[in-house]
Amino acid sequence: MIMWKVTERPLLYKPVLVEGLPGIGNVGKMTVEYLIDKLKAKKFAEIYSDHFPYHVFIDKKSTVSLPKNEFYYYKSGKHDIVFLTGDFQSMTPQGHYEVTDAVLKFCKDLGVKRIITVGGYGIEGIPKNPQVLGAVTHEKVMSQFEEPGVKFEDGERVGMIVGASGLLLGLGKLRGFEGICLMGETFSRPMFTDARASKAVLEVISQYFGIPIDMKDMNVKAKELDKAITKAKELEDQMVKKLTKPTDELSYIG
């Protein structure tokens, strides 16, 4: 089941879809929502599906709302931008295909021909200066992103892209779209929101569209992340010491 709520049908100039949904390091969601906020992008559509989690959110006024994905647009000089973000990705493989199919049809009607998806690439350890890795639908797209610093490694590290960020490109390619996935290196752990990886991707997007992005707030978030990481490391070291500290007495059960 797919349900739409469309409040406006904007006329867009050479629009590009930029997708950022929850995922590893929350790199995609954080990046796109930061852009929406800084560019004052306007929301114009919502998509609902029974493939999203089966619950509702309760706000401060005790009213409920369903999980959804949201579309925003921003009019710029080089290309207008359509942003896609939201609360969740689909919970099932079938749902991923159905929701992606609906999104692609909607974007085609808007005139979108290029897609940029954003996600995280998990590595062991916390990168101080995360790289942005790329995967494209067509080789010709690479040249436009090499100058902003995207690394293309011939599949040496990135063997597959799971979820919406991959399917939008894969299914999109079959329907005539071209695009790229931008993956910021991030700590491969759940519940970890990586501002540094998001900032690295933001710099690439800013350069590609020729739009200056105020990174002040992202720098603050990155510093807060550093403090949280340091504190977590200290707690981890304390736990290791407790677990490895020899005891004065030995007890036996048997």
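A few points about this structure:
- Cross-link table LYS108/LYS173; LYS105/LYS173; LYS14/LYS68, entries beyond 19 Å C-alpha to C-alpha: LYS14/LYS68
- In terms of surrounding Cβ atoms within a 10 Å radius of their Cβ, SER165, SER188, SER143, SER198 rank from fewest to most as SER143, SER188, SER165, SER198.
- Each semi-axis of the equivalent ellipsoid for region 97-163 is √(5λ) with λ an eigenvalue of the Cα gyration tensor; in descending order they amount to 26, 16, 11 Å.
- Estimated [θ] at 222 nm from DSSP helical runs (n ≥ 4, -39500 (n - 2.57)) normalised by residues in the chain, nearest 500: -11500 deg cm²/dmol
- Relative contact order of the chain, defined on C-alpha pairs under 8 angstrom at six or more residues apart (%): 23
- The slack in the chain from ASP87 to GLN207, taken as 0.36 nm per residue of separation less the alpha-carbon distance, amounts to 40.5 nm.
- Among ASP50, ASP154, ASP80, residue whose mean-square fluctuation peaks in a GNM of the chain (springs only between Cα atoms under 10 Å): ASP154
- Net +/- balance of residues flanking THR193 in space, Cβ distance below 9 Å, scoring K and R +1, D and E -1: +1
- Cleavage-rule hits, chymotrypsin sites (Phe, Trp or Tyr not before Pro), region 1-45, DSSP coil, Cβ neighbours within 10 Å at most 13: TYR13
- If R0 equals 25 Å, the separation of the Cβ atoms of LYS43 and LYS223 corresponds to a calculated FRET efficiency of about 0.25.
- Candidate aspartates and glutamates for bridging to LYS128, where Cα separation is under 17 Å - those fewer than 8 sequence places away on the same chain excluded: GLU185, ASP194, GLU203, GLU224, ASP226
- Flagged links, alpha-carbon separation over 18 Å, of LYS29/LYS221; LYS78/LYS216; LYS113/LYS140: LYS78/LYS216
- Its residue count N sets the reference 2.2 N^0.38 Å, and the alpha-carbon radius of gyration of region 1-155 equals 1.11 times that reference.
- The phi-based Karplus calculation (6.51 cos²θ - 1.76 cosθ + 1.60; θ = phi - 60°) puts the 3J(HN,Hα) values of region 46-53 at 9, 10, 10, 7, 6, 8, 7, x Hz, whole numbers, x for Gly and Pro.
- Fluctuation leader among GLY159, GLY95, GLY119 - the chain, Gaussian network, Cα springs under 10 angstrom: GLY159
- Fewest-first sequence of SER76, SER65 by Cβ atoms within 10 Å of each Cβ: SER65, SER76
- Scanning residues 5 or more positions from LEU182 or on other chains, those with amide H under 5 Å from its amide H are THR117, VAL118, GLY119, with H placed 1.01 Å from N in the peptide plane.
- GluC sites (Glu not before Pro) lying in DSSP loop within region 1-91, provided at most 12 other Cβ fall within 10 Å: GLU8
- As a proxy for reagent exposure, ranking LEU35, LEU171 by other Cβ atoms within 10 Å from fewest up yields LEU171, LEU35.
Every number here is computed from the coordinates shown, using simple stated rules; none is lab data. Since the model is a prediction, treat every value here as computed from it, not as a measurement. Glycine also receives a Cβ, built like all others from the backbone with ideal geometry; neighbour counts cover every protein chain displayed.
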